[in-house]
Amino acid sequence: MNGKNHRLAHSHTRHLRERLIESVLLLAALSSVATTFAIVAILCYESIPFFRKVPLKEFLTDSQWTPLFDDAHYGIMPLVAGTLTTTAVALLVAIPMGTVIAIYLSEFAPHRLREVVKPFLELLGAVPTVVFGYFALGVVTPLLQMIYPDLSGFNMLSAGLVMGIMIIPYISSVSEDAMRAVPMHIREGSYAMGATRFQTATRVVVPSAFSGIAAAYILGISRAVGETMIVAVAAGMQPNLTWNPLEPAATISAYIVQVCLGDLPHGSIGYQTIFAAGLTLMLMTLVFNIAGYWLKKRFREVY
Amino acid sequence: MNQPNINEMRGLIARHKRWDIIFAIVGLVCLLVGILTLLALFGQLVAEGLPRLKPGFFISFPSRSAEEAGILSAWVGTTLVMLVTALAAVPLGVASAIYLEEYAPKNWLTAVIEINVTNLAGVPSIVYGLLALGLFVYQLDLGQSILSAGLTLALLILPVVIVATREALRAVPGSIREAAYALGATRWQMVSNHVLPYSQGGIMTGVIIGLSRAIGETAPIITIGALTFIAFLPHPPVTGEFPYLSFAWLKDPFTVMPIQMFNWTSRPEEAFQHNAAAAGVVLLGMTLLMNGVAIWLRYRIRKRIKW
């Protein structure tokens, strides 16, 4: 009798312990949701004082960004232009090369080559961005200056090119996974119709995997838009409203870094501007991500 | 069938096949461009930085004179920040992954958490820096300290750790779980005694990849206000008198390797560029080492485990 009671008691604590552990695990899982909320809350909360001072219209239309000068202007456009220009240069490198590499590795390359090459590509994506920045400033810019002698020491072209190389592995590995997920019988069907490898790859596999490839592009765009150190090192930090990649300019993220390098008292105008800039950056990534989500849905193929 | 038609066919096939070869060459060239860039980057760093990589470089503080400057405060800072990051990110990330993979019911809350983890992976790192500046440094008053930096990077790599851990857990076959249940194990006993030990290799891989990303992160650490010129060490974590462990270092100002390198890169003098390259070699060495370990671990797991 006594033993039975004891066993029941044991089972009771056992149940309690299980519930306790489950709650702790749920709490841990909720921490990521809390992080998202904290990001949105902090960005909004800290930029409210800024938007009280600067009307939204001026923020979006003024063509100068000089918040720390005596003659202060608060137009975000120069920073947005810098961000979009470096992103465009990076994508012009990364999207064609990343896609070609993905097609090559998934459809053409022998198994051994793929096993050897993939870790190298992964390493390319793992190099710290400040090292890439040093490379852009110290190697790529001098090389470009041999072609365009009057290229300035800081320019968006070299930062964008190196950023593009950095993004290649992100695009190629995600698109390759998408292409390899296309079932074999679809390829076999294409070969049976007499198509060559190239025709099968470009007209059958790529369209079937396009949803995943689009996701890879969006990942690449997010990386490029938010990338900081390469542009901070190699593109100069002068806000400059231009779409010409040969000129120096600052991006949103480079501006934030530049301000943070100096003395930054809590509540000063400099402190407020970086949160307003951060909010803009966050909204830009959000727009790209929503576009990506839509693309993914639009082109999804189910087998 | 008449003869000329077949010849035409053969020509057509040959033309189409030519594209196969052209594309294979283009693909190989693209691949080579990527890999050669990696090699060029490495070669340049080593060529520029090797002369500075003497023992003195590792045990000197930064200095106004390039020849006397070193990375002592930087690598100590990086080590301590990584310690905080790992201690915060690993339990949190592994626990989240266990919940999502082994416990979560199929409901809206789980869906929200999953979408959220995916989206967090796409948030630019500098935004994490702003979060940390507003939240850790000012709201929670942790200051511009090692603790703030470590927690920031922990949040940054949390999605990496969660995704990798979930994959490792998913690779454990369901039959193992059923066998544990059949012996009367509770869910937590099943997870802690069976699933976790079998997946620890995969989890380790994910953690190392995450930490190797954190070690090179510069922007969020600059955002919380890490100083670029630190000529002293944080409080030692181990002290001579009781209770032997001290946590004063958590609140100390600090610098880390990538910031030290960035600081030297942005100076115009040639000599400091060499220092930057030398710091870059050390930083890249740390990253490559961690990634190498991760790749090796993954390879070993794939070879060893056959369910």
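The values are calculated or read from the model by the stated rules, or taken from the named source; none is laboratory data. All of these numbers come straight from a predicted model, not from anything done at the bench. When we count neighbours, we look across all protein chains shown, and the Cβ atoms used for this are built from the backbone with ideal geometry, even at glycine. To get the accessible areas, we keep the full protein, side chains included, count just its heavy atoms, and leave off ligands, DNA and RNA. Shrake-Rupley method; radii C 1.70, N 1.55, O 1.52, S 1.80 Å.
Over all Cα atoms in the range A:8-156, the spread is summed up by Rg and Dmax: 25.8, 85 Å.
Here chain B is treated with +1 on each Lys and Arg Cβ and -1 on each Asp and Glu Cβ, and its dipole about the Cα centre works out to around 1240 debye.
Give the residue from B:Gly292, A:Ser253, A:Gln64 lying farthest towards the positive end of the charge dipole for the protein assembly as shown; charges sit on Cβ (+1 for Lys and Arg, -1 for Asp and Glu) and the dipole is referred to the Cα centre. Farthest towards the positive pole: B:Gly292.
Averaged across the residues of B:17-30, what count of C-beta atoms belonging to other chains lies within 10 Å of each residue's C-beta? The partial results should precede the final answer.
Working: counts 3, 2, 6, 8, 2, 1, 10, 6, 1, 7, 11, 7, 4, 11.
Mean partner-chain Cβ count within 10 Å for B:17-30: 6.
Residues whose amide H comes within less than 5 Å of that of A:Tyr74, counting only those at least five positions distant or on another chain, are A:Thr66 (H built at 1.01 Å from N in the peptide plane).
In this rough spin-label picture, where each label sits 7 Å from Cα along the Cβ direction, the A:Ala72-A:Glu115 distance is 6.2 nm. With a Förster radius of 25 Å applied to the C-beta separation of A:Ser268 and B:Asp141, the computed FRET efficiency comes to 0.90. What you get for chain A, charging only the Cβ of Lys and Arg (+1) and of Asp and Glu (-1), is a dipole of about 1560 debye around the Cα centre. Restricting the calculation to Cα atoms, every distinct pair contributes to the Kirkwood radius of the range B:16-81, found to be 15.4 Å.
Scanning chain B for long hydrophobic helices, with DSSP H runs required to stretch 27 angstrom or more by C-alpha along their axis and to average at least 0.5 on the Kyte-Doolittle scale, returns B:3-49, B:72-98, B:146-170, B:196-216.
Selection among B:Val90, B:Ala14, A:Val80 by position relative to the dipole of the protein assembly as shown gives B:Ala14 as farthest towards the positive end (Cβ unit charges, Cα centre).
I'd like the interface area for chains A and B: accessible area of each alone minus the complex, both sides summed, 1.4 Å probe, protein heavy atoms only. What is it in Å² to the nearest 100?
Values: alone 17500 and 17860 Å², together 28650 Å².
The buried area between A and B, both sides summed, comes to about 6700 Å².
Per-residue Karplus couplings for the range A:85-93, computed as 6.51 cos²θ - 1.76 cosθ + 1.60 with θ equal to phi - 60°, are listed in order as 5, 5, 4, 4, 4, 4, 6, 4, 7 Hz, Gly and Pro entered as x. For the range A:105-140 versus the range A:183-206, the spacing of their alpha-carbon centroids is 28 Å.
Could you tell me how many cubic angstrom of Cα convex hull volume the protein assembly as shown has per residue?
Details: hull volume 132.1 nm³, N = 610.
In the protein assembly as shown, the Cα convex hull volume per residue is 217 Å³.
Taking only the C-alpha atoms of chain A, Rg followed by Dmax gives 25.2, 95 Å. Peptide A:34-46 is shielded by partner chain Cβ atoms: per residue, an average of 5 of them sit within 10 Å of its Cβ. The charge dipole of the protein assembly as shown, taken about its Cα centre with unit charges on the Cβ atoms of Lys, Arg (+1), Asp and Glu (-1) only, comes to about 2600 debye. Placing a pseudo-label 7 Å from each Cα along the Cα-to-Cβ vector at A:Phe37 and B:Arg64 gives an inter-label distance of 5.1 nm.
The mean number of partner chain beta-carbon atoms within 10 angstrom of a residue's beta-carbon across peptide A:252-265 is 4. Across the range B:53-304, the relative contact order, built from alpha-carbon pairs under 8 Å that are at least six residues apart, equals 26 percent.
In the range A:77-298, a dipole from Cβ-located charges (positive for Lys and Arg, negative for Asp and Glu) runs towards its positive end, and of A:Thr200, A:Ala232, A:His266 it is A:Thr200 whose Cα lies farthest in that direction. Per-residue surface analysis assigns B:His16 an accessible area of about 70 Å², computed on protein heavy atoms at 1.4 Å probe radius. Based on DSSP H segments of at least four residues, each scored -39500 (n - 2.57), chain B has a per-residue ellipticity at 222 nm of -23000 deg cm²/dmol. In percent, rounded to a whole number, the relative contact order of the range A:77-298 is 31, using alpha-carbon pairs under 8 Å and six or more apart. Roll a 1.4 angstrom probe over the protein heavy atoms and tell me the percent of accessible area of the range A:84-167 that is carbon or sulfur. That share works out to 73 percent.
Straight-distance candidates among the lysines for linking to B:Lys303, with alpha-carbon spacing under 22 Å and chain neighbours fewer than 8 residues away dropped: A:Lys118.
Amide H contacts of A:Ala249: A:Met156, A:Gln238, each under 5 Å away and 5 or more positions distant or on a separate chain (H built 1.01 Å from N in the peptide plane; Pro and chain starts excluded). The range B:14-77 and the range A:155-180 have Cα centres lying 17 Å from one another. Projected over all directions and averaged, the alpha-carbon convex hull of the range B:53-304 occupies 17.2 nm².
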